[in-house]
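Worksheet: the structure to be examined is printed underneath.
The values are calculated or read from the model by the stated rules, or taken from the named source; none is laboratory data. What you see is a predicted model; the values in this text were computed from it and never measured. Every residue, glycine as well, gets a Cβ built from its backbone with ideal geometry; the counts of neighbours run over all protein chains shown. For accessibility, only protein heavy atoms count, side chains too; no ligands or nucleic acids. Shrake-Rupley method; radii C 1.70, N 1.55, O 1.52, S 1.80 Å.
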Amino acid sequence: MNNWTGIGRLTKDPEVRYTSESQMAICRFTMAIDDGYGEKKRTNFIPVIVFGKQAESCEKYLAKGRMVAVEGKIQTGSYEKQDGTKAYTTDVVANRVQFIDYGKKDGENANQDVPKGFEAVDEIDLPF
């Protein structure tokens, strides 16, 4: 079984390209996930690939520092570098990307848009 799930923050804005034939969107981003605590704390940087409409949504709503949850599968590959050596890659191909921090990239704060019929709540006011 090849399943992967992780929650982390984007290390930079997502990059989107389109295939030449079908014009399908392909989004790439790297998420930082902390592991451990104290002196043993380390950060893992996970490259993620997203396809189709979900890739376009990532481009529109995600930016550096935003938190996401990703479900997908691990995919490995290789290519030849310019110097002739072989390089190996490991990526997560996302089936689902859940925006934990969201908002348009044009300078709005994350989670600023409150859906109609709901009221924004300050976490400090919560009774639990």
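Among the residues of the stretch 3-10, is there at least one that is out of contact with any helix residue (DSSP H, G or I) (no Cβ under 7 Å at 6 or more places or on another chain) and surrounded by fewer than 10 Cβ atoms within 10 Å (Cβ to Cβ)?
yes
Could you list all residues from the stretch 1-37 that are under 16 Å from Gln54 (Cα atoms) and in a loop (DSSP other than H, G, I, E, B)?
Matches in the stretch 1-37: Asp13, Pro14, Thr19, Ser22, Gln23, Met24.
Give the residues of the stretch 57-75 that are more than 16 Å from Gly8 (Cα to Cα), open to solvent by less than 70 Å² (accessible area, probe 1.4 Å) and modelled with pLDDT of 95 or more, sorted by residue number.
If the condition is that a residue be more than 16 Å from Gly8 (Cα to Cα), open to solvent by less than 70 Å² (accessible area, probe 1.4 Å) and modelled with pLDDT of 95 or more, then Ile74 is the only one that fits.
Hey, can you tell me all the residues within the stretch 40-50 that are surrounded by fewer than 18 Cβ atoms within 10 Å (Cβ to Cβ) and within 12 Å of the chain's Cα centre (by Cα)?
Result: Phe45, Pro47, Ile49.
Here is a list of conditions, (1) modelled with pLDDT of 95 or more; (2) of a type in the set (Ser, Thr, Tyr); (3) touching a helix residue (DSSP H, G or I) at 6+ places or on another chain (Cβ under 7 Å), and Tyr102 meets all of them except one; can you say which number that is?
(1)
Is it true that Thr89 is open to solvent by 90 Å² or more (accessible area, probe 1.4 Å) and in a strand (DSSP E or B)?
So Thr89 fails the test.
Based on this model, can you work out whether Thr85 counts as at pLDDT 65 or above and under 19 Å from Lys12 (Cα atoms)?
Considered against the rule, which asks whether it is at pLDDT 65 or above and under 19 Å from Lys12 (Cα atoms), Thr85 comes out as no.
Any residue in the stretch 76-88 that's farther than 26 Å from Trp4 by Cβ: show its pairings with residues that are open to solvent by 100 Å² or more (accessible area, probe 1.4 Å) at Cβ separation under 8 Å, as long as the two are six or more apart or on different chains.
So the pair list comes out as Glu80/Lys86.
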